[in-house]
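Enquirer: Please find one structure pasted underneath; my questions will follow.
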Amino acid sequence: MTVDALTDVAGLRVGHASRTGGGWLTGTTVVLAPQGGAVAAVDVRGGGPGTKETDALDPRNLVQRVEAIVLTGGSAYGLDAASGVMAWLEERGRGVPVGPDPAHVVPVVPAACVFDLGRGGDFSARPDAATGRTAVEAAAASEPGAPVPQGCVGAGTGAVVGLMKGGVGSASTVLDSGVTVAALVVANAAGSVTDPETGVLYGELFQGRVEYPQARVHEAARRRLAESAAKNAPPPLNTTLAVVATDADLTKAQAQKLAGTAHDGIARAVRPVHLLHDGDTVFTLATGTRPLGSTHPLALNDLLAAGADMVTRAIVRAVRAAEPTEGAGGAWPSYTELYGG
């Protein structure tokens, strides 16, 4: 049985830590790999990224597998959440061995952040090491293959897309070869996810026939967004983050190619994208439990195409699952509130 989410890749678990109220509107999401880790890679396209340990994922470098990936709010401050995950892994002897003692490990925990500072009202309310630990503990406590909570949770708690509320979304598929490909995103883009002329989600245009909102509904939504925009500070720094995962047996170079092509999924769902003030970052995790099914390049091509498709679907789900949010830092209606189901 599948749940149409990142956890359909066997062995992966997802945990969220969210903080709201009292000036807070932020959080952290951790993707926890199976014991022993997964082959990992990254591709950064945004002009203003906030990341940690991404150089370790270069195929030319030493580290082959990682135990966890951290997506977090709090801009660069929030990258401290990775320290809490690192400490949790060290306590369990999980990481890169660096000595004869099995306890001598260095957990490499790649991380990326979104900008949500001040959206809850307090600029200093941001994730820290304790937040990261809470998120990884939630991941570890979850059941294998459990559904992934989506919407305004974890790193998507304070996320905004254009003038409306963003959040976390996830999706998965199984290829004809039996390989599973899945994605989890934090949609927090400066660009818009909706066609300004119709209100339809860009990402849904790539999923087949769509039902366009009625003109009167779209006009009402545009007026509401204009009113909300007047209450909010301009969104100076935004980012879409993603983790694309598969159970295919990939090399680090192949995993990096998957991370790169998965950015196409963001470009289909968000316009404009990869701007100077975006930090768009895609990580890849490959658990390696299934062969690609063929050494022919077309086998990898199917996986690359599916990765981009799952990112697009996950962004749509993030936007549709988001709830309207209003607080001291601003007011953001949700897509569902504006346009219905």
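Enquirer: For the range 1-150, state the average projected area of the convex hull of the C-alpha atoms over all orientations, rounded to one decimal in nm².
Expert: Numbers: hull surface 38.6 nm².
Averaging across all directions leaves 9.6 nm² for the Cα convex hull.
Enquirer: Let me ask something additional. From the Cα gyration tensor of the range 117-212, with a ≥ b ≥ c the square roots of its eigenvalues, which class applies: rounded if a/c is under 1.5, or else prolate if a/b is larger than b/c, or else oblate? Working shown, then result.
Expert: Details: a/c = 3.22, a/b = 1.12, b/c = 2.87.
Cα axes put the range 117-212 in the oblate bin.
Enquirer: Still on this structure, I have one more. Counting only protein chains, not ligands or nucleic acids, how are 249, 195, 309, 280 ordered by accessible area (probe 1.4 Å), most first?
Expert: On the way: 249 95, 195 35, 309 70, 280 0 Å².
Per-residue accessible area, sorted high to low, gives 249, 309, 195, 280.
Enquirer: Let me ask something else about it. Taking a ≥ b ≥ c as the square roots of the Cα gyration tensor eigenvalues, with a/c under 1.5 meaning rounded and otherwise prolate when a/b beats b/c, else oblate, which class fits the range 223-341?
Expert: Numbers: a/c = 3.09, a/b = 2.41, b/c = 1.28.
It is prolate, given that a/c is not under 1.5 and a/b is the larger ratio.
Enquirer: Moving on. Which net charge results when you count Lys and Arg as +1 and Asp and Glu as -1 among the other residues whose beta-carbon is under 12 Å from that of residue 242?
Expert: Numbers: positive: 45, 313; negative: 43, 264, 280.
Net of charged neighbours comes to -1.
Enquirer: Using Cα centres only, tell me the gap between the range 238-313 and the range 5-24 in whole Å.
Expert: 20
Enquirer: Still on this structure, please answer the following. State the extension gain, in nm to one decimal, for the chain segment bounded by residue 231 and residue 217, taking 0.36 nm per residue of separation less the distance between their alpha-carbons.
Expert: On the way: separation 14, 0.36 × 14 = 5.04 nm, distance 2.17 nm.
Difference between extended and current length: 2.9 nm.
Enquirer: Oh, and also: How many angstrom separate the Cα center of the range 149-164 from the Cα center of the range 85-110?
Expert: The range 149-164 and the range 85-110 have Cα centres spaced 31 Å from each other.
Enquirer: Could you work out how much longer the chain between residue 331 and residue 87 gets when fully extended? Use 0.36 nm per residue separation minus the Cα distance between them, nm to one decimal. Working shown, then result.
Expert: On the way: separation 244, 0.36 × 244 = 87.84 nm, distance 3.62 nm.
Length gained between residue 331 and residue 87: 84.2 nm.
Enquirer: Aspartates and glutamates within cross-link reach of residue 165: Cα-Cα under 19 Å, excluding same-chain residues under 8 positions apart?
Expert: Reachable aspartates and glutamates: 116, 122, 195, 204, 219, 227, 278, 280, 323, 326, 337.
Enquirer: Which three numbers, in whole Å and largest first, are the semi-axes of the equivalent ellipsoid of the chain derived from its Cα gyration tensor as √(5λ)?
Expert: Numbers: eigenvalues 197, 113, 50 Å².
Equivalent ellipsoid semi-axes, largest first: 31, 24, 16 Å.
Enquirer: Sticking with this one: How would the range 86-125 be classified by its alpha-carbon gyration tensor: rounded, prolate or oblate, with rounded meaning a/c under 1.5 and the a/b versus b/c comparison settling the rest?
Expert: Working: a/c = 5.89, a/b = 3.47, b/c = 1.70.
Prolate is the answer for the range 86-125, as a/c is 1.5 or above and a/b outweighs b/c.
Enquirer: Find the accessible area per residue for the range 65-194; the probe is 1.4 Å, ligands and nucleic acids are left out, and the unit is Å². Spell out each step's value before the answer.
Expert: Details: 4150 Å² over 130 residues.
Dividing the accessible area of the range 65-194 by its residue count gives 32 Å².
Enquirer: In degrees between 0 and 90, to the nearest 10, how far off the longest principal axis of the chain does helix 297-321 point, with axes built from Cα atoms?
Expert: 40
Enquirer: OK, next. Which order do peptides 88-98, 184-194, 222-232, 26-36 fall in by mean Cβ count within 10 Å, highest first?
Expert: Details: 88-98: 16.2, 184-194: 28.5, 222-232: 13.6, 26-36: 25.5.
Put in order of decreasing packing, that is 184-194, 26-36, 88-98, 222-232.
Enquirer: Further question on the same structure: Each residue of the range 44-57 in order: what ³J(HN,Hα) in whole Hz does its phi give by Karplus 6.51 cos²θ - 1.76 cosθ + 1.60, θ = phi - 60°, with x for Gly and Pro?
Expert: Values per residue, Gly and Pro as x: 10, 10, x, x, x, x, x, 9, 9, 6, 6, 4, 5, 8 Hz.
Enquirer: Also, I was wondering about something else. Taking the Cβ of residue 34 as the center, what net charge do the other residues with Cβ under 11 Å away carry, scoring Lys and Arg +1 and Asp and Glu -1? Intermediate results must be reported in sequence, preceding the final value.
Expert: Values: positive: 13, 65, 94; negative: 67, 247.
Taking every other residue near residue 34 into account, the sum is +1.
Enquirer: On the accessible surface of the chain, probed at 1.4 Å, how many percent belong to carbon and sulfur atoms? Show your work: numbers first, answer last.
Expert: Working: 7160 of 13690 Å².
So the carbon and sulfur contribution to the accessible surface is 52 percent.
Enquirer: On full extension of the chain, what length is gained from residue 205 through residue 249, given 0.36 nm per residue of separation minus the C-alpha to C-alpha distance? It would help to have the intermediate numbers written out before the result.
Expert: Details: separation 44, 0.36 × 44 = 15.84 nm, distance 3.16 nm.
Separation in residues times 0.36 nm, less the Cα-Cα distance, equals 12.7 nm.
Enquirer: Once you place label points 7 Å from the Cα toward the Cβ at residue 323 and residue 3, how far apart are they in nm?
Expert: Taking the two extended label points, one gets 1.9 nm.
Enquirer: I would also like to ask the following. Can you spot the lysines whose alpha carbon is less than 22 Å from residue 52's alpha carbon? Ignore those fewer than 8 places along the same chain.
Expert: Counting by Cα, and skipping residues close in sequence, residue 52 has these lysines nearby: 252, 257.
Enquirer: Can you give the accessible area of residue 212, probe radius 1.4 Å, in Å² rounded to 10?
Expert: About 120 Å², ignoring ligands and nucleic acids.
The values are calculated or read from the model by the stated rules, or taken from the named source; none is laboratory data. Just so you know, these numbers come straight off a predicted model, no measurement behind them. Positions of Cβ are generated from backbone atoms using ideal geometry, with glycine treated the same way; all protein chains shown enter the neighbour counts. All accessible areas refer to the heavy atoms of the entire protein, side chains included, with ligands and DNA or RNA removed. Shrake-Rupley method; radii C 1.70, N 1.55, O 1.52, S 1.80 Å.
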